[in-house]
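I have placed the structure first, in the form of structure tokens, so that the comments after it can refer back to it.
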Amino acid sequence: MTVAFVTGSSGLIGGESVEFLADKFDRVIGIDNNLRSYFFGKEGNTEWNRSRLSQKYKNFISHPVDIRSYNDVEKLFKTYGTDVKLVIHAAAQPSHDWAAKEPLTDFSVNATGTINLLELTRLNCPDAVFILTSTNKVYDAAPNLLPLKELDKRWEIDATHAYYENGIDETMSIDQSKHSVFGASKVAADIMTQEYGKYFGMKTAVFRGGCLTGPNHSGAQLHGFLAYLMKCAITGNHYQIFGYKGKQVRDNIHSFDLVNMFWHYYQDPKPGEVYNAGGGRYSNCSMLEAIDLCEKISGKKLSYSYSETNRIGDHIWYISDVSKFKKAYPKWSYKHDLESTLVEMYNNMANRF
Ligand SMILES: NC(=O)c1ccc[n+]([C@@H]2O[C@H](COP(=O)([O-])OP(=O)(O)OC[C@H]3O[C@@H](n4cnc5c(N)ncnc54)[C@H](O)[C@@H]3O)[C@@H](O)[C@H]2O)c1
């Protein structure tokens, strides 16, 4: 029997992984205790996605287990042993604003939860491929020191800079900058995942996401910016922009394109590797540009206001350079650009809200 483990299986990336893997493995085992609803209230509730996936895929079994509990997760690993060929670890506390409220909770989910999974993989199925969805927040503050220019609707890096053509690559330092509590707990998970590859020789990989997005994100004010923005456009809820004149730029990768990266890695794993994984130059926008697009697609004016105070740790301009991954896996390419992703999101959400 072949088994794939997916943590955070009711969330955006975990859920997309379940859909992607259901016809490729005999069983897909989900681990998700809906902690997102504790983090973000009812807007963050992911139970609807668990229920949708359970009905759609008969070989998907979801367990409401907390990744912080080594003993509970161990029972699942012991049940499936070496049948587990792939572990996609996408459960996390994902917001830097929220992390500052409860640093201990944030660290235990992001850092302790990750080492629990790595160690259980090492002890029970050491040949399995292990993938961590890390974040560009591990570079925190450093991107904000780049030479940026203010344009009409966005910040843009100076055209003479090495990052101008393709974006920020994996050589940017993750050391000696302010990370936010969340960035620091993700650094711990990121480095430990690399270490299990480099020290123990396991097939581990770290994907440092830009903004990850897709129609099945349970967007909340503190996390899931495009999904939350589109939701506000549809429902008429008010949207608040924090700082940088609304011109801060993020690259956005559709959850399918990211999980398809995982799949390419799974078929030819390179132990301990790190890849930046975002929409790159192919798919990015500023907040103001995203608002224009949401208004165009929904046909409604968004109600929003602007606060001068930026979020601590927010990037002013971040575009991921995915060249390292493309070079290693030349058959991978993007399938979803920004506008088609937003249209898909609109069509999906217009039925849900
Ligand atoms: N969405 C983004 O823009 C983004 C950007 C960069 C990196 N990431 C990273 O990608 C990963 C997935 O993000 P996402 O957007 O799919 O998040 P998400 O919140 O949609 O999904 C995460 C899921 O994990 C579950 N979970 C949280 N803590 C848990 C615990 N202790 N035990 C079991 N389940 C738990 C939540 O209930 C949720 O359903 C995270 O590691 C996140 O940090 C996300």
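The values are calculated or read from the model by the stated rules, or taken from the named source; none is laboratory data. No experiment lies behind these values; they were computed from the predicted model shown. Neighbour counts are summed over all protein chains in view; Cβ atoms, including those assigned to glycine, are modelled from backbone coordinates with ideal geometry.
When TYR38 is tested against (1) in a helix (DSSP H, G or I); (2) surrounded by 16 or more Cβ atoms within 10 Å (Cβ to Cβ); (3) at pLDDT 95 or above; (4) of a type outside the set (S, T, N, Q), just one condition goes unmet, and that condition is (2). Taken together, the residues in the stretch 1-35 that are in a loop (DSSP other than H, G, I, E, B) and either near the ligand (Cβ under 7 Å from one of its atoms) or closer than 16 Å to PHE77 by Cβ (or both) amount to 10.
Does LEU76 meet the test of being in contact with a His (Cβ under 7 Å, 6 or more places away or on another chain), at pLDDT 95 or above and either under 28 Å from PRO269 (Cα atoms) or within 13 Å of the ligand (Cβ to nearest atom) (or both)? So LEU76 passes the test. Just one of LYS324, LYS335 is surrounded by 14 or more Cβ atoms within 10 Å (Cβ to Cβ), among the basic types (Lys, Arg) and in contact (Cβ under 8 Å) with a residue 24 or more places away in the chain; which is it? Just one listed residue meets the conditions, LYS324. Any residue at all in the stretch 69-81 that's assigned to a helix (DSSP H, G or I), small (Gly, Ala, Ser) and buried (at least 20 other Cβ atoms within 10 Å of the Cβ)? Within the stretch 69-81 (the criterion being assigned to a helix (DSSP H, G or I), small (Gly, Ala, Ser) and buried (at least 20 other Cβ atoms within 10 Å of the Cβ)), the answer is no, since none of the residues qualifies. When we screen GLN240, GLN267, GLN221 for residues that are among the polar types (S, T, N, Q), free of Cβ contacts under 8 Å to residues at least 40 places away in the same chain, surrounded by fewer than 23 Cβ atoms within 10 Å (Cβ to Cβ) and out of contact with any Lys or Arg (no Cβ under 9 Å at 6 or more places or on another chain), the only hit is GLN267.
Of the candidates ASN144, ASN136, the single residue that is within 25 Å of PHE262 (Cα to Cα) and of a type in the set (S, T, N, Q) is ASN136.
Residue-by-condition table, conditions (1) out of contact with any Leu (no Cβ under 7 Å at 6 or more places or on another chain); (2) under 13 Å from GLN248 (Cα atoms); (3) surrounded by 21 or more Cβ atoms within 10 Å (Cβ to Cβ):
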{"position": "TYR275", "(1), (2), (3)": "yes, no, yes"}
{"position": "TYR282", "(1), (2), (3)": "yes, no, no"}
{"position": "CYS285", "(1), (2), (3)": "no, yes, yes"}
{"position": "LEU302", "(1), (2), (3)": "yes, no, no"}
{"position": "GLU308", "(1), (2), (3)": "yes, yes, no"}
{"position": "GLY313", "(1), (2), (3)": "yes, yes, no"}
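If you take the residues in the stretch 136-180 that are touching a helix residue (DSSP H, G or I) at 6+ places or on another chain (Cβ under 9 Å) and of a type in the set (Lys, Arg), which one is surrounded by the most Cβ atoms within 10 Å (Cβ to Cβ)? It comes out as LYS137.
Within the option set THR105, THR7, THR2, being surrounded by fewer than 17 Cβ atoms within 10 Å (Cβ to Cβ) and among the hydroxyl-bearing types (Ser, Thr, Tyr) holds for one residue only, THR2.
Scanning the stretch 229-252 for residues that are in a strand (DSSP E or B) and either under 24 Å from LYS149 (Cα atoms) or modelled with pLDDT under 95 (or both) gives GLN240, ILE241, PHE242, VAL249, ARG250, ASP251, ASN252. For the stretch 108-128, residues that are more than 10 Å from the ligand (Cβ to nearest atom), of a type in the set (Val, Ile, Thr) and either under 16 Å from the mean Cα position of the chain (by Cα) or surrounded by 24 or more Cβ atoms within 10 Å (Cβ to Cβ) (or both) total 1.
Among the conditions (1) farther than 15 Å from LEU338 by Cβ; (2) touching a residue at least 40 places away in the same chain (Cβ under 8 Å), the only one that LYS301 does not satisfy is (2).
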